[in-house]
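Have a look at the structure below, then the notes.
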Amino acid sequence: MREALEKLYAEDRQLKTLEHAAAVLGWDQETYMPAAAVEERGAQLAALSGIIHRKAVSDTIGSLLTQLGALDESYQTNPDLSEADRAFIRIAARNYNKQKKLPSEWVEQFAQTTSMAQSNWSRAKEASDFSLFSGDLNKIIDLVRQKAGYIGYTDHPYDALLDEYELGMTTERLEHIFRDLLLFLPPFIRKIGEAKQVDDSFLQQNYPVDTQEKFSRYMLGQMSFPSERGRLDVSAHPFTTTLGSSDVRITTRYNENLFQSGLFGTIHETGHALYELGFSDDIRGTCLADCPSLGIHESQSRTWENIVGRSRQFWEFHYPELKKHFPQNLSGVTTEQFYRAINKVEPSCIRVEADEVTYNLHIVLRFQIEKDLVAGKISVEELPGIWNAKMVEFLGLTPQNDAEGVLQDIHWAFGGFGYFPTYALGNLYGAQFSAGMEQDIPDLAAAVSAGKLTDILNWLRRNIHRFGCMYPAEDLCRRVTGKALDPQVFIDYLTFKYRKIYAI
Ligand code: CO
């Protein structure tokens, strides 16, 4: 038993090592790789992915799992195994079974179709012409429906797709959660719309990129990002990637006319990185060193970006430093004015630029569309019209063109059906965890006003980071907050914060 377990750990560590090697190639591709290398890089990544897939479904791993009782789940009651060992076997078996369910012909076809689709999506978005992408999207929807069939489901094919990103979540439960948001958000946004809008004109100025970068690096230091265990670089779309237990890379983007996007992009990705760097030593390099769901991962980035990074207390300490960096832009602007400006609520067409009040409506819109596409209730041809109608219904806006509407996000082009809901869940989990943290640390607000962010990091480490994916998402939520995911906590958070900002 012990021997089989040790062997499985060794196999698993090799898999992780290969995955990290693939991540180096991916990171390089998005940051420093010369343009002419794109084809060779594709071949390198495909070759490595093939090796990883074959290893992940190998008979060696299969028979070790059988020996360990993963098939009949007898390991669950084996007294010789620790809780961590049992969680390890559960996750290793799940990964193995999931990979096994997908035929390699499907995997190859999916990789090929989505790679083509992503470049066609780019062209379509640039030309703002959905018809240049709709053919690819039809193929992708066929493929994800096949995938749902391979994975299996009882209720809704979308459940099988959610499983990949938000294990344990179902379409029905999401409908419930989103119904609560739909009851609250539109009237709340209307009320804010009727109030006096905050002035953010001083943010719509030119903020020199090199100074933005300096301030981003200042922020990394304040958030205790360990510079010997990671890097900050620039890419077209900000991301975080894990190259090893002690090598987590983040990227951001600086636009001299969009100061907020660079700053909060950095804070957001640092939140992801601190999570990846916070797994406990004994699970490092194993399949347990992972998030239980993308919603939990996003809860970490959104906590730092919005709940901490857009709080008044946070800027009470950091605003003088920001002013030192941008004396011209911010001369005469008080901390309070700055705080209000970075929390301005205004419906817009673009998800990634949305404020934290309107953001989740962008997600509900995508969820409703994805679910109906997968169920075959709506066709790809109808999409732009349905999208625009929902934008009017939810946010009162009509996109000017396809680029601003149905083509704005890359997710469908890479086949990520089921991915979008995790963003909204991240906001909800983030609010619920933060409420728990505030209860646990009574003088938290004072600490943040004094620039002391380590209380937050230590709390997140102790309650969330160190466990990796040992507990499923909602179990973790219950452990940390005493109850399952409850959208009301997020609703209360928004109500409390924005009632004050907008005096409503
Ligand atoms: Co994120």
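The values are calculated or read from the model by the stated rules, or taken from the named source; none is laboratory data. The model shown is predicted, which means the values in this text are computed figures rather than measured ones. With ideal geometry, Cβ positions are generated from the backbone for all residues, glycine too; neighbour counts draw on all protein chains shown.
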Subset of region 237-258, residues closer than 20 Å to Arg302 by Cα and among the hydrophobic types (A, V, I, L, M, F, W, C), comes to Phe239, Val248, Ile250, Leu258
Counting only residues that are of a type in the set (Gly, Ala, Ser) and loosely packed, with under 14 Cβ neighbours inside 10 Å, which one in region 136-158 is nearest to Leu383 (Cα to Cα)?
-> Gly149
Is there any pair with a first residue in region 31-52 that is within 18 Å of Thr241 (Cβ to Cβ) and a second that is surrounded by 11 or more Cβ atoms within 10 Å (Cβ to Cβ) whose Cβ atoms are under 6 Å apart and which are 6 or more apart or on different chains, and what are they?
-> Thr31/Asp233; Thr31/Ser235; Arg41/Gln29; Gln44/Leu25; Leu45/Leu25; Leu48/Ala22; Ile52/Leu18
Residue pairs qualifying under the 8 Å Cβ cut-off, at least six apart or on distinct chains, with the first in region 341-366 being touching a residue at least 60 places away in the same chain (Cβ under 8 Å) and the second being of a type in the set (Phe, Trp, Tyr) and not in a helix (DSSP H, G or I), are Ile363/Phe420
In the list Ser261, Ser235, Ser280, Ser224, which residue meets the criterion of being away from the ligand (no atom under 16 Å from the Cβ), over 30 Å from Arg90 (Cβ atoms) and hydroxyl-bearing (Ser, Thr, Tyr)?
-> Ser224
Any residue at all in region 318-325 that is under 30 Å from Met391 (Cβ atoms), among the aliphatic types (A, V, I, L, M) and away from the ligand (no atom under 15 Å from the Cβ)?
-> no
Within region 246-255, can one find any residue that is in a helix (DSSP H, G or I), away from the ligand (no atom under 11 Å from the Cβ) and of a type in the set (A, V, I, L, M, F, W, C)?
-> no
Residues (in a strand (DSSP E or B) and among the basic types (Lys, Arg)) located in region 221-240 = Arg231
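Hey, does region 12-26 have a residue that's charged (D, E, K, R), touching a Gly at 6+ places or on another chain (Cβ under 8 Å) and at pLDDT 90 or above?
yes
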Extreme residue, nearest to the ligand (Cβ to nearest atom), among residues of region 283-313 that are surrounded by fewer than 21 Cβ atoms within 10 Å (Cβ to Cβ) and either under 20 Å from Ser261 (Cα atoms) or polar (S, T, N, Q) (or both) = Arg310
Does Arg466 count as assigned to a helix (DSSP H, G or I) and either touching a Ser or Thr at 6+ places or on another chain (Cβ under 9 Å) or crowded, with 17+ Cβ neighbours inside 10 Å (or both)?
-> yes
